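Encoded as structure tokens, the structure appears first; notes follow it.
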Amino acid sequence: MLVSIGLPQVANVGSGMTDIIEEPGCGLLVDPISPSAIGAAITAILNDPLLHRKMSENARSAHLRKFNYEQQFSPVLAQILAWGRK
């Protein structure tokens, strides 16, 4: 996922995408079969340097805070380590 390197995203509307893209402010969601919606979203990000910078910062922050293996799989790792101590 490109969120990890701090790039604004244009992604499809769909299950779970709001939590990943819109809620953290990493990008815009569009109808994936609408070329005009995709183009408008890309144009909006490219033509607004402040929006681009804010989405980039939000993307990097979301990665460091939540969307990385260490955070997402820490409960699994904790359980594996607990089994190893038995």
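Please identify the pairs in which a residue from segment 29-51 that is over 19 Å from Leu7 (Cα atoms) and charged (D, E, K, R) has its Cβ atom under 7 Å from the Cβ atom of a residue that is assigned to a loop (DSSP other than H, G, I, E, B) and open to solvent by 70 Å² or more (accessible area, probe 1.4 Å), counting only partners at least 6 apart or on another chain.
Sorted first by the residue in segment 29-51, then by its partner, the pairs are Asp31/Val13.
What's the number of the only condition in (1) free of Cβ contacts under 8 Å to residues at least 24 places away in the same chain; (2) of a type outside the set (Gly, Ala, Ser); (3) touching a helix residue (DSSP H, G or I) at 6+ places or on another chain (Cβ under 8 Å) that Gln72 fails to meet?
Result: Gln72 fails condition (3) only.
Among the residues of segment 68-78, are any under 13 Å from the mean Cα position of the chain (by Cα) and surrounded by fewer than 16 Cβ atoms within 10 Å (Cβ to Cβ)?
Looking only at segment 68-78, we keep the residues that are under 13 Å from the mean Cα position of the chain (by Cα), and these are 68.
Now restrict to residues that are surrounded by fewer than 16 Cβ atoms within 10 Å (Cβ to Cβ): 68.
The answer is yes, given that some residue of segment 68-78 is under 13 Å from the mean Cα position of the chain (by Cα) and surrounded by fewer than 16 Cβ atoms within 10 Å (Cβ to Cβ).
Check Ala62 against each of (1) surrounded by 12 or more Cβ atoms within 10 Å (Cβ to Cβ); (2) part of a loop (DSSP other than H, G, I, E, B) and name the one condition it does not meet.
Among (1) surrounded by 12 or more Cβ atoms within 10 Å (Cβ to Cβ); (2) part of a loop (DSSP other than H, G, I, E, B), Ala62 violates only (2).
Which of the residues that make up segment 1-42 are more than 26 Å from Asn68 (Cβ to Cβ), in a helix (DSSP H, G or I) and open to solvent by less than 70 Å² (accessible area, probe 1.4 Å)?
Across segment 1-42, the qualifying residues are Ala37, Ile38, Gly39, Ala40.
Take the residues in segment 50-59 that are of a type outside the set (A, V, I, L, M, F, W, C) and open to solvent by 100 Å² or more (accessible area, probe 1.4 Å); name whichever of them is farthest from Cys26 (Cα to Cα).
This residue is Arg53.
The values are calculated or read from the model by the stated rules, or taken from the named source; none is laboratory data. Nothing here was measured: the structure is a model prediction, and the numbers come from that model. Quick reminder, even Gly has a Cβ in these numbers, built from the backbone with ideal geometry, and neighbours come from all protein chains shown. SASA here: full protein model, heavy atoms, side chains in, ligands and nucleic acids out. Shrake-Rupley method; radii C 1.70, N 1.55, O 1.52, S 1.80 Å.
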